[in-house]
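All of the numbers you see were taken from the coordinates with simple rules; none came from a lab. Not measured: the values here are computed from a predicted model. Positions of Cβ are backbone-derived with ideal geometry, glycine not excepted, and every protein chain shown enters the neighbour counts.
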Amino acid sequence: MTAKKAAANVTHSSAWIAQTYVSFIISISATIIGVFYMPGDNWLKGYMGMGVLFSVASTASLSKTIRDIEESKTMMSRIDEAKLERLLAEYDPFKQ
């Protein structure tokens, strides 16, 4: 079994998924609360809040893009492997 095949079958445990969600919620909540209680004018708090929202959105977009690129590499290697197997199955060294 190749490393790519082993990596494609990785599943996450429910504890890891829960920890990921909880970590995300806590970090965003703490940042928003920090911005809310930050000393300064409301326009400054709004600016910082928009920065937090854009950071979260761009992080989600980046992680999805990286995942899609890696999945497409895996899919292309599977297609290439299937084509090679078909060619090898059809090849007869004694037929000329």
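Going by the structure shown, is residue 65 in contact (Cβ under 8 Å) with a residue 60 or more places away in the chain and either surrounded by fewer than 12 Cβ atoms within 10 Å (Cβ to Cβ) or under 19 Å from the mean Cα position of the chain (by Cα) (or both)?
Here the answer is no, as residue 65 does not meet what is asked.
Give 38, 76 a once-over and let me know the one that is in contact with a Leu (Cβ under 9 Å, 6 or more places away or on another chain) and either surrounded by 10 or more Cβ atoms within 10 Å (Cβ to Cβ) or in contact (Cβ under 8 Å) with a residue 40 or more places away in the chain (or both).
Criteria check complete, one pass: 38.
Out of 57, 15, report the one residue that is exposed (fewer than 10 other Cβ atoms within 10 Å of the Cβ) and outside any loop (DSSP other than H, G, I, E, B).
15
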